[in-house]
Amino acid sequence: MIFDLLGRFDLAAIAEKRDPALTAEERFYGMLLRAVMVREAVVVLDRPFSILTHLRDGGFLWEALRKVDDLIAEVDIFDYSWEKERYGVTDDPEN
């Protein structure tokens with residue numbers, strides 16, 4: 001099953017790697033895949049930009065979640081309010 005899930009991200013090659021050998025993105029994918037292996041997974045992302053510090057916006061997160069959305073029952077993201085622009089969230093009630 002894990003090779004199928006890694007295949008969704010074209011990451012089968014990292015299956016034998018240890019954590020220190022992974023990039024930040026690969027480490028995030030590994031944690032995400034571990035979370036979605038539970039039936040009806042509830043995925044909780046706690047300050048994901050603390051791991052993915054170089055990303056400017058949430059595009060990477062949304063794309064990663066989209067690739068496994070069939071395995072997820074719910075996603076909750078917790079982060080500081082000053083990070084909201086990275087997620088495409090504004091205070092404008094019209095948006």
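When the residues of segment 4-24 are filtered to those that are open to solvent by less than 30 Å² (accessible area, probe 1.4 Å) and touching a Leu at 6+ places or on another chain (Cβ under 6 Å), the one that is farthest from Lys67 (Cα to Cα) is Ala24. Filtered by the rule that a residue be out of contact with any strand residue (DSSP E or B) (no Cβ under 8 Å at 6 or more places or on another chain) and either of a type in the set (Gly, Ala, Ser) or at positive phi (or both), segment 18-47 gives Ala21, Ala24, Gly30. Looking only at segment 46-59, residues that are exposed (fewer than 15 other Cβ atoms within 10 Å of the Cβ), assigned to a helix (DSSP H, G or I) and under 11 Å from the mean Cα position of the chain (by Cα) come to 1 in all. So is Val43 open to solvent by less than 50 Å² (accessible area, probe 1.4 Å) and outside any helix (DSSP H, G or I) or not? Considered against the rule, which asks whether it is open to solvent by less than 50 Å² (accessible area, probe 1.4 Å) and outside any helix (DSSP H, G or I), Val43 comes out as yes. Filter segment 60-83 for residues that are charged (D, E, K, R), touching a residue at least 12 places away in the same chain (Cβ under 8 Å) and surrounded by fewer than 11 Cβ atoms within 10 Å (Cβ to Cβ) and give the result. Matches in segment 60-83: Glu74, Asp76. Note on segment 85-95: residues that are of a type in the set (D, E, K, R) and open to solvent by less than 60 Å² (accessible area, probe 1.4 Å) amount to 1. Whenever a residue of segment 34-48 is over 12 Å from Asp69 (Cα atoms), its partners that are loosely packed, with under 13 Cβ neighbours inside 10 Å, lying with C-beta atoms within less than 6 angstrom and at least six residues away or across chains, give the pairs Val44/Asp76; Asp46/Phe78.
The values are calculated or read from the model by the stated rules, or taken from the named source; none is laboratory data. Small disclaimer: the values here were computed from a predicted structure and weren't measured. A quick note on method: Cβ atoms are made from the backbone with ideal geometry, for glycine too, and the neighbour counts reach across all protein chains shown. Ligands, DNA and RNA are stripped out before the accessible areas are found, and what is left, the full protein with its side chains, is counted by its heavy atoms. Shrake-Rupley method; radii C 1.70, N 1.55, O 1.52, S 1.80 Å.
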